[in-house]
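Data block below; observations after.
The values are calculated or read from the model by the stated rules, or taken from the named source; none is laboratory data. Computed from a predicted structure; not experimentally measured. As a convention, Cβ positions derive from the backbone with ideal geometry for all residues, glycine included, and neighbour counts pool all protein chains shown. Calculation scope for accessible area: heavy atoms of the full protein, side chains included, ligands and nucleic acids excluded. Shrake-Rupley method; radii C 1.70, N 1.55, O 1.52, S 1.80 Å.
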Amino acid sequence: MKDYRRIADLLAEEIYSGRLKAGERLPPQRVFARRRHIAGSTAGRVYGELVRRGLVVGEVGRGTYVRAAPAPSGRSLAEAVHGHDPGMTVDLELNYPSVEGQSELLAGGLAPLLRPDVLAGATRTVPATGTAAAREAVAGLLAATGWRPDPGQLLFAGNARQAIAGALASLVRPGGRVGVEELTYPLVKEIAARIGCTLVPLATDGRGLRPDAVAAAHRAAPLSALYVQPTLHNPTGVTTGDARKRELAAVVRDMDLPVVEDRIWSFLHEGGVPFAAYAPERVHVVDGLSKRVAPGLTVGFLVVPGDRVEAVAGALRSGGWTAGRFALEAGTRWIRNGTVERLVGQKRADASRRQRVVAELLDGFTVRADPNAYYAWWELPAPWRADTFTAAAAARGIAVTPGAAFAVGPRGAPDAVRLGLASVPLPVLGRALRTLRDVARGGP
């Protein structure tokens with residue numbers, strides 16, 4: 001049998017070279033298998049590998065379409081952006097906020113670590129429990145209305161994604177079922193595949209995850225855990241209110257169901273009560289520094305129920321997901337000297353400015369977004385489909401994320417795209433949104 005990865009590499013080369021263009025539909029898998037003289041199962045693995053790499057998007061009942069392609073050689077939006085490579089795509093997929101003066105702020109916290117006597121300690125290994133100083137600092141950082149984590153229940157990972165992986169690996173055996181919102185963080189799908197569990201999509205409404213959907217799914221076949229984003233849900237921006245959180249807490253208690261609560265974007269939402277406050281004995285809280293500070297030097301945080309500290313720490317160790325000591329020391333200093341607090345304040349203001357631009361330029365369209373979030377969920381006007389709109393945007397040098405990236409389960413992917421607002425300068429964002437608005441008005 002031919003190695004499916006080699007075949008995927010060949011198709012990837014065709015996509016990168018432009019021989020397969022953005023928006024082009026690939027043949028049905030059975031046709032592809034016949035043409036390549038391979039088994040149908042191998043064709044399925046080829047297509048799955050291309051989806052994993054983010055090069056194509058597959059939609060039930062519609063087919064598989066090329067998603068990622070280089071910007072065309074003709075003039076693109078990015079060409080007129082001062083300081084940008086003419087061939088560079090305006091990236092509204094990646095979503096890492098940065099504010100003016102950020103590097104200077106961070107440098108001040110790093111300088112003491114470069115002294116030889118301090119550096120010697122900062123480059124030693126560190127356990128999943130981190131250090132006493134880190135636990136105290138992070139407990140204060142994460143404290144919210146009605147909830148302050150016990151420092152003894154804090155664990156540290158290399159980043160928030162690894163914290164999610166460690167929490168789920170400690171809770172779910174291979175073959176287990178994890179309930180998630182029907183639109184969820186795309187990397188959770190990859191994490192689930194790696195640890196061998198199945199994601200079960202659960203219905204949501206304008207208030208967040210529906211408790212009756214959790215109960216029905218668990219009765220149909222027991223769930224091993226839930227993964228939820230109750231604060232500034234990615235991609236829709238929905239924040240679950242207190243009444244709904246109480247209802248969900250009653251359900252998870254009744255069903256003895258553990259929960260992984262992802263709060264990675266919660267720093268943008270002031271005053272919210274974590275779901276963990278309503279069911280502290282069930283909830284594993286995930287957070288981190290990548291969005292608050294910077295993606296390249298970060299730490300993931302896990303607050304776990306008191307009786308689960310060793311189990312989750314063991315999962316982090318076995319997965320190689322524990323934090324690096326240098327990053328942990330740097331993060332602790334940034335928290336204690338006020339750098340993180342200053343960056344959070346600036347990023348809250350920046351996110352609000354960007355949302356106002358979205359509201360102004362996409363007025364008249366169906367856009368779901370929290371006024372404090374760094375992303376917006378654009379439900380496209382008919383007859384646009386997410387795949388064709390994504391391709392049309394790519395043809396103009398703009399990368400957006402189609403709804404299929406967030407969808408879980410066999411239902412058709414929504415005809416929507418997520419706009420990441422954080423990673424490009426504000427003037428570039430405005431230009432990109434104007435271009436996308438004109439594309440949407442023009443029709444496929």
Cβ-based charge dipole, the stretch 317-444, positive-most Cα from Ala351, Gly403, Pro381: Ala351
Residue among Val293, Leu106, Ala216 farthest towards the positive dipole end of the chain, charges placed on Cβ: Ala216
Sulfur and carbon atoms: percent of accessible area, the chain [1.4 Å]: 51 percent
Cα gyration tensor shape for the stretch 264-347, rounded if a/c is under 1.5, else prolate or oblate: oblate
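Among 310-322, 395-407, how do they line up by average Cβ neighbours within 10 Å per residue, starting with the highest?
Most protected by this proxy first, the peptides run 395-407, 310-322.
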The stretch 114-176, accessible area per residue, ligands and nucleic acids excluded (1.4 Å, Å²): 45 Å²
The stretch 315-444, relative contact order [Cα under 8 Å, separation at least 6], %: 23 percent
Taking the chain and dividing mean pair separation by its residue count, relative contact order in percent (alpha carbons under 8 Å, at least six apart): 22 percent
Rounded to the nearest 20 debye, dipole of the chain from Cβ charges on Lys, Arg, Asp, Glu: 1020 debye
Segments 146-152, 303-309, 324-330 sorted - mean Cβ within 10 Å per residue, highest first: 324-330, 303-309, 146-152
Residue with peak Gaussian network fluctuation, the chain [Cα springs, cutoff 10 Å], from Thr388, Thr42, Thr64: Thr42
Surface per residue (accessible, 1.4 Å probe) for the stretch 180-259, Å²: 38 Å²
Mean ellipticity per residue at 222 nm, deg cm²/dmol - from DSSP H runs of n ≥ 4 across the chain, formula -39500 (n - 2.57): -12500 deg cm²/dmol
Accessible area in square angstrom per residue, the stretch 268-412, 1.4 angstrom probe: 37 Å²
Percent of beta bridges antiparallel (DSSP, the stretch 135-271, rounded to nearest 5): 20 percent
From the C-alpha gyration tensor of the stretch 293-444, square roots of 5λ in Å: 36, 22, 13
The chain: most fluctuating residue of Arg35, Arg67, Arg333 per GNM, C-alpha cutoff 10 Å: Arg35
